[in-house]
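Inspection log for the structure reproduced underneath, given as structure tokens.
The values are calculated or read from the model by the stated rules, or taken from the named source; none is laboratory data. Just so you know, these numbers come straight off a predicted model, no measurement behind them. Every residue, glycine among them, receives a Cβ derived from its backbone with ideal geometry; neighbour counts consider all protein chains shown.
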Amino acid sequence: MRFSKFFVPTTKNAPNDAVLPSHKLLIQGGFITQVGSGIYNFLPLGKIVLDKIRNIVKEELDNASCQEVQLGFVTPSELWKESGRFAKYGKELLRFKDRKENEFVLSPTAEEMMVDLVRNRVKSYKQLPLHLYQINTKFRDEARPRFGLLRGREFLMEDGYSFHDSFEDLDREFDLMEETYSKIFKRLGLDFRVVDADSGAIGGTGSKEFMVLADNGEDDIIVCDSCQNAANIEVAKRKKRVSPYDEEPVMQPGEFYTPDTKTIESLAEFFMIEPYYLIKAVAKKAIYENGESEVVIYFLRGDDSLEETKALNAVNALEIEDASEEELEKLGITPGFIGPDVKNVKIVIDEELKEQENLICGANKKDYHFVGYSLKDKFSDNYADIAEVREGDICPHCGGVLSQTKGIEVGHIFKLGDRYSKPMKAEFLDQNGKSKPFIMGTYGIGVSRLVAVIIEQSHDEKGCVWTKQSAPFMLDIIVSNIKNEEELKFADKIYDKLLSMGKEVIIDDRKERFGFKMKDFELIGFPYALIVGKSLKEGKVEVVDRKTLEKTTVDIDKIEEYLKELI
Ligand code: ATP
Ligand code: MG
């Protein structure tokens with residue numbers, strides 16, 4: 001490619017709302033432009049990178065016997081009603097009608113379309129397993145589209161769906177996909193972890209996420225310092241905690257007058273005790289699939305925090321929000337003094353508190369707490385894991401210390417079971433001639449998000465630093481002064497030679513100053529530059545490594561060999 005003919009509108013100006021390096025640099029480097037909130041165009045440079053990632057994804061999936069298809073992006077709502085997701089999905093699902101009043105959605109994932117494609121076409125266990133995937137546009141009307149390609153509304157996703165005759169075969173495919181996805185992210189040069197994850201709105205029996213470790217990530221992940229255990233904080237587990245005291249404090253059970261002590265801090269101070277022995281009450285409003293809602297009170301140790309996703313799953317709610325004081329008072333509940341014996345309301349107690357004694361909790365009476373409270377043999381149906389695991393907690397697998405880091409989700413694999421095939425009546429005949437719903441898995445990679453993730457993990461203050469597998473071109477041949485015929489001739493010769501060897505090279509033959517071209521090289525982030533400049537007279541050229549910005553002087557009769565090795 002010749003820079004003089006290439007459309008790369010680099011710019012010094014970063015968009016006002018860009019806070020992350022990848023967002024700024026991809027726009028400044030002329031990779032993408034923004035069309036509207038969460039919607040982006042890919043310019044030639046961006047498209048090359050996107051296609052490279054796409055090809056790696058395709059290559060590895062095809063190697064794992066997955067087959068590429070392409071589904072319609074516009075999906076009849078009927079299918080979504082069949083699966084029950086039409087009501088469940090919420091505002092992220094863009095719904096609209098055509099001129100004949102037929103209802104459609106823009107696909108945010110394609111379980112329904114894929115089940116519809118397979119049902120009545122795959123009829124026997126003999127045709128299983130089958131894994132179909134597509135790399136196609138998705139739309140999600142995200143509440144907060146931001147960070148450029150990281151959280152768009154329109155984005156490119158690889159989404160795969162597998163069909164099996166048994167859970168055992170699904171397990172096999174799930175493991176194969178964990179391996180295949182890992183290969184893809186390794187090839188892209190990413191530092192990532194596979195973590196246990198929540199199954200979310202899609203529903204299912206098991207799921208893992210692929211998290212690229214990045215300070216700017218939106219996900220919190222818990223990793224063990226000693227073993228391979230890693231989990232999204234939404235599902236992370238820990239070993240049962242131990243008392244901060246050598247001996248458990250013993251309390252005389254009874255109500256205690258505690259005026260104005262509505263917070264855990266003031267209560268701990270009042271009784272001069274570690275918050276570990278206090279019971280914290282968190283009042284929420286759970287909103288369910290059928291549109292109904294109710295107040296739920298969650299109880300935890302005073303120094304633990306409620307994990308929202310766990311709280312949501314514990315009551316099978318769709319959403320959860322803070323309950324107001326008025327809502328509580330209407331139920332006869334006294335905010336600030338709520339204890340597990342509260343009446344007229346659903347309660348959930350953290351597993352950590354099971355069978356515990358010598359606790360202090362609200363007495364469900366204004367200005368009173370109960371001291372010496374015991375949970376022995378009480379509320380056996382109300383326990384769930386609802387506490388947030390934190391830095392310093394103990395790994396349940398190996399006893400190591402857990403720490404918390406940030407990650408960006410780049411892939412997600414789910415075991416779906418018959419969650420879609422059953423309601424949609426997608427069935428096959430098993431070996432005994434019996435009709436059964438398909439056992440399914442679903443798998444997704446954020447292909448356009450990956451473009452940004454690579455830069456999030458690999459950039460410096462001057463610009464992008466592409467990994468070898470994702471770079472739009474491996475080498476930028478910079479002609480220092482194109483008016484100098486010798487320079488241009490030599491650069492052209494090398495360019496042609498490398499092209500003929502199938503190398504990915506671009507030649508900067510623009511009528512611009514050397515400094516300008518160098519700045520573009522640094523901003524765009526090609527792995528290497530070859531500078532053909534003044535030293536050509538002495539038979540020398542320079543090679544710049546973008547990552548280290550180190551320059552190496554090479555004799556012109558050795559340069560071809562040198563570059564052949566390098567790129
Ligand atoms: P997130 O938690 O980041 O919102 P998700 O769990 O909703 O993602 P999935 O349904 O698992 O996403 O989709 C599969 C993959 O698609 C994700 O792992 C992610 O890489 C990508 N993806 C999801 N939402 C977006 C988005 N808004 N913009 C770009 N990529 C996305
Ligand atoms: Mg996900």
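Got a sec? Which of Val348, Val371, Val342 is more than 16 Å from ligand 1 (Cβ to nearest atom), closer than 19 Å to Glu307 by Cα, surrounded by 17 or more Cβ atoms within 10 Å (Cβ to Cβ) and β-branched (Val, Ile, Thr)? Sole residue among the options that is more than 16 Å from ligand 1 (Cβ to nearest atom), closer than 19 Å to Glu307 by Cα, surrounded by 17 or more Cβ atoms within 10 Å (Cβ to Cβ) and β-branched (Val, Ile, Thr): Val348.
For region 333-347, the condition holds for no residue, the condition being that it is touching a helix residue (DSSP H, G or I) at 6+ places or on another chain (Cβ under 7 Å) and under 19 Å from Asn382 (Cβ atoms). Conditions: (1) over 21 Å from Glu234 (Cβ atoms); (2) within 13 Å of ligand 2 (Cβ to nearest atom). Arg172 meets all but one. Number of the miss? Against the list (1) over 21 Å from Glu234 (Cβ atoms); (2) within 13 Å of ligand 2 (Cβ to nearest atom), Arg172 comes up short only on (2). When we screen Val401, Val389 for residues that are of a type in the set (A, V, I, L, M), under 20 Å from the mean Cα position of the chain (by Cα) and away from ligand 2 (no atom under 16 Å from the Cβ), the only hit is Val389.
Anything in region 387-406 that is surrounded by fewer than 23 Cβ atoms within 10 Å (Cβ to Cβ) and among the small types (Gly, Ala, Ser)? List them, or say none. Across region 387-406, the qualifying residues are Gly392, Gly399, Gly400, Ser403.
Under the condition of being within 15 Å of ligand 1 (Cβ to nearest atom) and within 28 Å of Leu318 (Cα to Cα), the residues counted in region 163-177 number 1.
Being crowded, with 16+ Cβ neighbours inside 10 Å, under 28 Å from Met424 (Cα atoms), within 13 Å of ligand 1 (Cβ to nearest atom) and touching a residue at least 24 places away in the same chain (Cβ under 8 Å) is a property that does not hold for Arg146.
Please verify whether Thr109 is farther than 19 Å from Phe414 by Cα and in contact (Cβ under 8 Å) with a residue 40 or more places away in the chain, treating the condition exactly as stated. No. Residues of region 460-479 include none that is touching a residue at least 24 places away in the same chain (Cβ under 8 Å), crowded, with 21+ Cβ neighbours inside 10 Å, within 16 Å of ligand 2 (Cβ to nearest atom) and under 22 Å from the mean Cα position of the chain (by Cα). The residues in region 196-218 that are modelled with pLDDT of 95 or more and either within 10 Å of ligand 1 (Cβ to nearest atom) or of a type in the set (Val, Ile, Thr) (or both) can be counted, and the count is 4. With respect to being under 29 Å from Cys398 (Cα atoms), surrounded by 19 or more Cβ atoms within 10 Å (Cβ to Cβ) and of a type outside the set (Ser, Thr, Tyr), Leu300 fits the description. Restricting attention to region 123-138, does a residue exist that is touching a Ser or Thr at 6+ places or on another chain (Cβ under 7 Å), within 30 Å of Leu25 (Cβ to Cβ) and near ligand 1 (Cβ under 10 Å from one of its atoms)? Within region 123-138, one or more residues are touching a Ser or Thr at 6+ places or on another chain (Cβ under 7 Å), within 30 Å of Leu25 (Cβ to Cβ) and near ligand 1 (Cβ under 10 Å from one of its atoms).
Taking the stated definitions as given, is Val451 more than 16 Å from ligand 2 (Cβ to nearest atom), touching a residue at least 60 places away in the same chain (Cβ under 8 Å) and more than 23 Å from Leu79 (Cβ to Cβ)? When the stated conditions are applied, Val451 passes them. In the condition set (1) within 16 Å of ligand 1 (Cβ to nearest atom); (2) out of contact with any Lys or Arg (no Cβ under 6 Å at 6 or more places or on another chain), Ser470 is compliant with all but (2).
Taking the criterion of being at pLDDT 95 or above and aliphatic (A, V, I, L, M), the residues of region 120-169 that qualify are Val122, Leu128, Leu130, Leu132, Ile135, Leu149, Leu150, Leu156, Met157.
In region 25-43, which residue that is surrounded by 17 or more Cβ atoms within 10 Å (Cβ to Cβ) and small (Gly, Ala, Ser) is nearest to ligand 1 (Cβ to nearest atom)? The extreme case among them is Gly38. Would you confirm, using the coordinates I've provided, whether Lys425 is over 16 Å from the mean Cα position of the chain (by Cα) and within 16 Å of ligand 2 (Cβ to nearest atom)? Considered against the rule, which asks whether it is over 16 Å from the mean Cα position of the chain (by Cα) and within 16 Å of ligand 2 (Cβ to nearest atom), Lys425 comes out as no. Of all residues in region 150-162, those that are over 30 Å from Glu427 (Cα atoms) and acidic (Asp, Glu) have Cβ atoms under 8 Å from Cβ atoms of residues that are within 13 Å of ligand 2 (Cβ to nearest atom) and at pLDDT 95 or above, 6 or more apart or on another chain, in Glu154/Lys138. Among the residues of region 513-559, which ones are within 41 Å of the chain's Cα centre (by Cα), in a loop (DSSP other than H, G, I, E, B) and either closer than 18 Å to Met1 by Cα or of a type outside the set (Val, Ile, Thr) (or both)? Once the filter is applied, which keeps residues that are within 41 Å of the chain's Cα centre (by Cα), in a loop (DSSP other than H, G, I, E, B) and either closer than 18 Å to Met1 by Cα or of a type outside the set (Val, Ile, Thr) (or both), region 513-559 yields Gly525, Phe526, Pro527, Arg546, Lys547, Leu549, Glu550. Selection of strands (runs of 3 or more DSSP E) fully inside region 193-303 by the criterion of at least 2 residues being closer than 22 Å to Asp381 by Cα and of a type outside the set (Val, Ile, Thr) returns 279-287, 293-301. Scanning region 424-436 for residues that are surrounded by fewer than 16 Cβ atoms within 10 Å (Cβ to Cβ) and in a loop (DSSP other than H, G, I, E, B) turns up Lys425, Asp430, Gln431, Asn432, Gly433, Lys434. The set of residues in region 375-409 that are charged (D, E, K, R), over 30 Å from Leu450 (Cα atoms) and either within 16 Å of ligand 1 (Cβ to nearest atom) or free of Cβ contacts under 8 Å to residues at least 60 places away in the same chain (or both) comprises Lys376, Asp377, Lys378, Asp381.
Here's the yes/no breakdown for (1) closer than 30 Å to Ala363 by Cβ; (2) over 16 Å from the mean Cα position of the chain (by Cα):
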| position | (1), (2) |
| --- | --- |
| Arg193 | no, no |
| Ser207 | no, no |
| Asn216 | no, no |
| Ala230 | no, no |
| Lys237 | no, yes |
| Met251 | yes, yes |
| Pro259 | yes, yes |
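Of all the residues in region 44-67, those that are closer than 11 Å to Ile184 by Cβ, of a type in the set (Val, Ile, Thr) and surrounded by fewer than 23 Cβ atoms within 10 Å (Cβ to Cβ) number 1.
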